[in-house]
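Single-structure report; data block below.
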Amino acid sequence: MGRYIIKRIIGLIPLLLAVSFLIFIFIHLIPGDPARLMAGKDATNDEVEALRTYLGLDKPILEQYFIYMKELFQGDLGHSLRSNAPVTQLFGERFLPSLQLSILSIGWAMLIGILLGVISAVFRGRWPDYFGTITAISGISVPNFWLGLVMIQLFAVQFNIFPAGGIETWKGYVLPSFALGAGIMAMITRFTRSSLVQTLQEDFIRTARSRGLGERAIIFGHALKKSMITVLTIAGLQFGFLLGGSIVVETVFSFPGMGRLLIDSIQFRDYPVVQSLLLIFSLEFILVNLIVDILYGFFNPKIRYN
Amino acid sequence: MKNLLAGIGLSIIAMFVLSACATSGSSDEGDSTGGDGAADKSEVTIAFQENIQTMDPHNGSAGIDNSVQYAIYESMFTPDEDGELQPLLATDYEISDDGLTYTFKLRDDVTFTDGAEFNADAVKANLDRIIDSEGSLNNYKSLRDVEKVEVADDYEVEVTLNNINSQFINKIGMLRMASPDALENDIDFGEESAGTGPFVLEKWNHGDSLVATKNEDYWEEDLPKVDKVTFKPIPEDGSRIAMLKTGEADYIFPVPVNDVESLEAEDNIEVSVVESTYVNYATINTSKEPFNKKEVRQAMNYALNQEDFVKVVKNGYGIVSDSALPATNNYYAAQEPYDYDLEKAKELLADAGYEDGFSTEIWGSDSSKDKRGMQFIQQQLGEIGIDVEIKQMERGTLSDEINKPESAEDSEVEMWYVGWSSQVGDADNATNPLFSSSSFPPNGSNTAYYDNEKADKLIEEGLHAKSEEEAAEKYAELQEILWDDAPWLFTAVDEEPTAMRKGLKGIWRSADGNFYLREVEWE
Amino acid sequence: MTGLLEVNNLKTAFISDDKTTQVVRGVSFAVNKGEIVGIVGESGCGKSVTSLSIMRLLKGTSGTIQDGEVRFHDQNLLDLSEQKMRKIRGNSMSMIFQDPMTSLNPVLKIGRQLMQGIMLHLKYPKEKARKYAVSMLESVGIPRAESIMNEYPHQLSGGMNQRVMIAMAMSCNPELLIADEPTTALDVTIQAQILELMKELREKQNTTILMITHDLGVVSEVCDRVIVMYAGRVVEEGKTAEVFENPKHPYTEGLIKSMPKIGQKQSRLYAIPGQVPDPANMPKGCKFAARCPHVMDICTEKEPDLIKDEEGRKHRCWLYQGEYEGGEKVDVKSSTGN
Amino acid sequence: MSETQITTDQTQFVETKQDSNFKRLLRSFKKNKLALYSLYVIILLLLIVIFGPWITPYDPQEANYDSILEAPSWQHLAGTDEFGKDVLSRLIVGARLSLGVGVSAVLLGAVAGTILGLISGFFGKWVDRVIMRICDILFAFPDLVLAIAMVAILGPGMKNVIIAIAFFSTPSFARIVRGETLEIKERLFIEAERSIGAKKSRIILRHVFPQTISTIIVYITMNIGGAIISAASLSFLGLGASPSSPEWGAMLSASRDYIGHAFHLIFFPGLAVFITVLVLNLFGDGLRDVLDPKTRD
């Protein structure tokens, strides 16, 4: 198992190198000049040039890439062009709120999603199933920024129960996590349902019935664990996405997370920040996938790590 | 499997609590959010739209950087609410007869928060740093014309210029001073501060908040009157408004003009409206057909109902433009307005040979307010047969598109919907980068590619005028020419509402968009 | 001797979208205590559905029991509440299935699956249940039972898994064990071992076994009595030896003929011509008529009754209805054979 | 095993009943009430798409500066916008644009993804590895980042939004089709066909592709909703449709400034997106149940 993980991680290195190069080229393809943006509209060309030289942007792109990679291998993710703050610091400040928001969103989404999914599967074709289906598909169908705006209007402006933005207290997490989790809850509901419906058709469920087990024991004790494999994959993937922050929801709620850092940095062409963030996202995503694979082993004993 | 569900639930809670503990170490008590707005009288929270970009006192570019920095770093002079410069770290200044040498007399009772003394050496160190940057520091623009900086006395600095510059005091006077030791040691201004201002940087969480606490040894007795100021970038308008209503924020701007009414209806909120220096306009590329014809440009101006522009685009919070300079500028001279007159507009178009109109393109940023402005222009010009296509671009792309062409011939922009904000006392900055033929992109923002020798000369003369009167005269003449030539589609100057909790005093917003809070206090 | 299990006129149908398909069409038989009875027939004849109907395990399918009785200890199981039925399932009546690999939960350890039923029905505490489970595994001939408790089904062979299934089914000392094609998915050598094991169980614990199979070889090896089903009906019933020696129904005859015989070289196995009729579109008369070598006019007109002849054999065929006019009709309510 | 036996028995019966396949699908689709009602709403939407410009109560582009930001009333059922244009009329003509973006983006993505998936699945080996690795990388980026970057590179506008959304929906189509292809490839007759020496392109087009169609159709239906939301999100961020166009996302984006006092400007376009996507998803869900035997319960 340990060896398997190490092998997987070593296998990641060339992938990440390729990704880093692609990202570098990609973000330099985006038109826009950070020096020009920083210098302001009343700057002369010479001033912009001076700033560009100062920022090291006058060097050829490949050279910039190698400088970046050299620093990266020394554990330095670079500095923001704009605020000169180390990217690690920017990342550090934004990561925790994003992580907390991700955990909360995925958390409630899983709890409710699994529950609704089970209810839908058990009462398949009857009204609780329709209820579950409509709830779930609504969750997928609602644009989350709109849901956010509507909730702000309702819960912040009208009733003043939750803040409209900021995360000074736990209350600040409620609305964003709801807006973010709705779609995931929906997905989990759907996958739990279909997976459970399939599992409930399996021979071993009949075996369990033939042993006199009650429905509850059959669903929770036998079927759900098998279905968790699918659900876990979905939840894992979504968690990976969530960690990258959600640009629209964070914008709507003025949430200081990774998504906003990214979009702000893209807007200012803050190359080191964008570059490092995207690299971290890919790494996070790949790691989450790895963890999901490992968790598979827990839920599906058939998978061996050799 | 019920255990599993419970397990998921528990571990989520555990993870959240753990990660929350990790934050609570760094975050302050977190009780600043009094739900009902019964605010703590020792603290002030200010929410605004833009992100704070840098705390380097010489590199602030966005208005918000400057404003936040002024709470921590002070300049030699500071504007009062009428836009007049008042001494701050300097007590007085003199200009030599040839108009080239400025002598500043400094306060002798000021120390930086890191213990360094404020004196002529400190000022020289600051100015030198800016000049030596050759442009990599944003404030370099203010010192473009400086030849040398000399220490005349412990508390006296002499700055010599290459050229007479009638606007210079407005520029150098506003530069922020940091401790020479800090500059020497190249401290990280995002982590710590070393200024003379009423507040000290406590903690900057990029993108979330910047907390500044009272400078206990502030040089002016009795100031500051609050213990803590929190600056919060809140990009979403709705959130910012809601925060003010709930008391999470005490002072907010910009207030979307659409929300002024609803805020005014609140008992404990006060809205004030400041006439700004922000001019809205669309440049018309005078080097291109058919815009090279003055009649066409004037026709466009006659076709645009500026009053409706204010009403629809600015929701009533704006002042119809009657010059290229805003009325708030010290050198402003009003012109005869272009009345809304479709007949005249059509006539002028016909005179120019375009009775059937033509098609064009307008560029602008992707912000919602620019979007609205462009749509309005599209609708209005449509009335005289000018078919306008809106091309919104993300700001980096837009700036690239504007600045890529090296000459008027290569330029692709036809109309650019944009705005310009300048300092109240600085007419040069409000004209030179916009109308001088030396300011064609990428050297400036003259996207009208306006090329008028006489205007160039007046801009030059205004800058180098030896007296206020002379400068005023030159700028007045310039404004007349600009208005008649109409290289812009003139629209309106913003009026900017700001809103605060009732009882907050001593914080105010200047016409050029900065806010000052040296004397902020709760009643 | 009274029957432990009596099935009377059982009718089960699958109800899908807008049509009802009768799969079990009035089946009656009885199983006595200590007997091994085989139900044999081609796939689709309703034998498996019969067994599932007896256990009332049609949940999760569209199958519904429409009529009839399943009397177990003289109690009609079809009248019981689901809750009471659960107390019987796995306890006094249990079942093993064809494919042991899919019939065990792949994500639960064997020990846990075994102990569930034991703790449920015998009310043993965890430790005791564990020990008992180990002893059960040993009793079905599983080596290193202790460590197998902590293994997952995929780690064992098919034969081992079937032994586990048997251990599970036997753990609460059932009076009736229904084995639904217990050897079909296994290798021939393993098949023999499993059958041997089942015979042993009967001998040791006097367990009654109802063996569902399509394999006459299995029947001839272990069953005391055999019931032949065709198109949802019983067509013949009798002692195994007698039926094999002298099949009455042409279908039984065909089945026996199509059995590969040891030591007898046949270039080609005999196959009954034609196909099983579509249950949604059952022909009038005898359902086997279309494939029967002895078909007569009456066969396509009227369906024969299941009658019991003097030898105690039951069959459903016009060939004998004339001769045994006085024979006892057993369709509606059968008394026990023998 | 008897369980599977039962189900096979059933299908046997059904097949022998000589039903046309289509009829059977229609019947089982009709049974799904949610999907059926959704279909009605979709038909209504299509009617709006077709006849939109003729059924608007007002001229959707006509500004009236004397009646701006009016709340819903009998004159203006969904209120008026910041230029005094009738919101309902704009929603009606905007249906064409919003649905158009969703449909064309997904179709584009489906075509690209299908081609890649067929190639990847059929040829296997390094071709497969390279294509799938690229898909993995594309998958790794947060939802809108790719689209935002694409639009930044290509410039704004409807066409580029469509390309951007198609671009990031390509990998998922590629994956699905690849999986299907692998499965089909294994089936005997293709092996046989190959041994006879048929050209690879012929095998793919004649044998593999037709069998993936039903999956692709289901997946397209399920993706149109998502694409509409993505387009709306991009418009919301200011990167989408031209601001004066009545595309729903653009309407939402413009109205964001009016939250708090002209809530109808946010509410109705969002509701339009929501309902459209909802019915498309419900329909797709029903369609999947019918067409995709793997997930059919």
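Of all the listed residues (B:A282, B:A265), the sole one being of a type in the set (G, A, S) and in contact with a helix residue (DSSP H, G or I) (Cβ under 8 Å, 6 or more places away or on another chain) is B:A282.
The set of residues in region C:130-142 that are small (G, A, S), assigned to a helix (DSSP H, G or I) and surrounded by fewer than 22 Cβ atoms within 10 Å (Cβ to Cβ) comprises C:S135, C:S139. The set of residues in region C:85-129 being within 15 Å of C:S171 (Cα to Cα), assigned to a helix (DSSP H, G or I), more than 7 Å from every other protein chain (Cβ to nearest Cβ) and charged (D, E, K, R) consists of C:R112, C:K126, C:K128.
Would you confirm whether or not region B:475-486 contains a residue that is under 24 Å from B:L85 (Cβ atoms) and over 23 Å from the mean Cα position of the chain (by Cα)? I'd like the intermediate steps shown before the answer.
Here is the first cut: in region B:475-486, the ones under 24 Å from B:L85 (Cβ atoms) are B:475-476, B:478-479.
This time we only want the ones that are over 23 Å from the mean Cα position of the chain (by Cα), so: B:476, B:478.
The answer is yes, given that some residue of region B:475-486 is under 24 Å from B:L85 (Cβ atoms) and over 23 Å from the mean Cα position of the chain (by Cα).
Residues in region D:242-270 that are at the interface with another protein chain (Cβ under 8 Å from one of its Cβ atoms), closer than 17 Å to B:G364 by Cβ and part of a loop (DSSP other than H, G, I, E, B): D:S242, D:P243, D:S244. Where helices (runs of 4 or more DSSP H) sit wholly within region B:424-488, those with at least 1 residues that are among the charged types (D, E, K, R) occupy B:453-463, B:468-485. Can you pull out the residues in region D:49-72 that are in a loop (DSSP other than H, G, I, E, B) and small (G, A, S)? Passing the criteria: D:A63, D:S67, D:A71.
Where in region A:1-55 are there helices (runs of 4 or more DSSP H), lying wholly inside it, with at least 3 residues that are at the interface with chain B (Cβ under 7 Å from one of its Cβ atoms) and more than 18 Å from D:I134 (Cβ to Cβ)?
The qualifying helices (runs of 4 or more DSSP H) are A:34-39, A:45-55.
Give region B:468-487 a look and list any residue that's crowded, with 19+ Cβ neighbours inside 10 Å and in contact with a helix residue (DSSP H, G or I) (Cβ under 8 Å, 6 or more places away or on another chain), or say none. Residues satisfying the conditions are B:A471, B:K474, B:Y475, B:L478, B:L482, B:D485, B:A486, B:P487.
Looking for something away from chain A (no Cβ under 14 Å), crowded, with 20+ Cβ neighbours inside 10 Å and touching a residue at least 60 places away in the same chain (Cβ under 8 Å) - is there at least one such residue anywhere in region B:236-249? Looking through region B:236-249, none of the residues is away from chain A (no Cβ under 14 Å), crowded, with 20+ Cβ neighbours inside 10 Å and touching a residue at least 60 places away in the same chain (Cβ under 8 Å). With (1) in a strand (DSSP E or B); (2) within 12 Å of another protein chain (Cβ to nearest Cβ); (3) surrounded by 21 or more Cβ atoms within 10 Å (Cβ to Cβ) as the list, and C:L52 as the residue in question, which single condition is left unmet? For C:L52, the failing item is (1). If the condition is being more than 7 Å from chain D (Cβ to nearest Cβ) and part of a loop (DSSP other than H, G, I, E, B), then region A:110-160 contributes A:F123, A:G125, A:R126, A:F159, A:N160.
Let's see how each residue does on (1) over 15 Å from B:V320 (Cα atoms); (2) more than 29 Å from the chain's Cα centre (by Cα):
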| site | (1), (2) |
| --- | --- |
| B:S262 | yes, no |
| B:N268 | yes, no |
| B:V271 | yes, no |
| B:Y278 | no, no |
| B:T286 | yes, no |
| B:F291 | yes, yes |
| B:K294 | yes, yes |
| B:L304 | no, no |
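Could you tell me whether region C:189-205 includes any residue that is of a type outside the set (K, R), surrounded by 20 or more Cβ atoms within 10 Å (Cβ to Cβ) and within 13 Å of another protein chain (Cβ to nearest Cβ)? There is no residue in region C:189-205 that is of a type outside the set (K, R), surrounded by 20 or more Cβ atoms within 10 Å (Cβ to Cβ) and within 13 Å of another protein chain (Cβ to nearest Cβ).
Just to be sure before I move on: is A:V87 of a type in the set (V, I, T), under 23 Å from D:I153 (Cα atoms) and more than 7 Å from chain B (Cβ to nearest Cβ) in the structure I sent?
no
Going through region C:150-174 one residue at a time, which ones are within 12 Å of chain A (Cβ to nearest Cβ), surrounded by fewer than 16 Cβ atoms within 10 Å (Cβ to Cβ) and either in a helix (DSSP H, G or I) or under 25 Å from the mean Cα position of the chain (by Cα) (or both)? Hits for region C:150-174 are C:H154, C:Q155. Summed over region A:161-182, the residues that are buried (at least 20 other Cβ atoms within 10 Å of the Cβ), within 20 Å of the chain's Cα centre (by Cα), more than 15 Å from A:G139 (Cβ to Cβ) and more than 9 Å from chain B (Cβ to nearest Cβ) give a count of 2.
Out of all the residues in region D:27-40, is one or more over 19 Å from D:F267 (Cα atoms), assigned to a loop (DSSP other than H, G, I, E, B), of a type outside the set (A, V, I, L, M, F, W, C) and within 14 Å of chain B (Cβ to nearest Cβ)? So far as region D:27-40 goes, no, none of its residues is over 19 Å from D:F267 (Cα atoms), assigned to a loop (DSSP other than H, G, I, E, B), of a type outside the set (A, V, I, L, M, F, W, C) and within 14 Å of chain B (Cβ to nearest Cβ).
In this structure, A:L96 does not satisfy being crowded, with 24+ Cβ neighbours inside 10 Å and either within 12 Å of chain B (Cβ to nearest Cβ) or in a helix (DSSP H, G or I) (or both).
Selection of region B:126-145 for residues being more than 14 Å from chain A (Cβ to nearest Cβ) and surrounded by fewer than 21 Cβ atoms within 10 Å (Cβ to Cβ) yields only B:D128.
Against the conditions (1) of a type outside the set (A, V, I, L, M, F, W, C); (2) over 21 Å from B:N119 (Cα atoms); (3) at pLDDT 90 or above, B:P198 satisfies every one except (2).
Would you check if C:R71 is part of a strand (DSSP E or B) and more than 14 Å from chain D (Cβ to nearest Cβ)? Judged against the criteria, C:R71 is a match.
For residues that are of a type in the set (V, I, T) and in a helix (DSSP H, G or I), scanning just region B:206-264, find the one that is nearest to A:W146 (Cα to Cα). Top of the filtered list is B:I241. Region B:325-414 holds helices (runs of 4 or more DSSP H) entirely within its bounds, and those carrying 1 or more residues that are within 14 Å of another protein chain (Cβ to nearest Cβ) and free of Cβ contacts under 8 Å to residues at least 24 places away in the same chain map to B:368-382, B:395-403.
The values are calculated or read from the model by the stated rules, or taken from the named source; none is laboratory data. The model shown is predicted, which means the values in this text are computed figures rather than measured ones. Please note: Cβ atoms are built from the backbone with ideal geometry, for glycine as well, and neighbour counts cover all protein chains shown.
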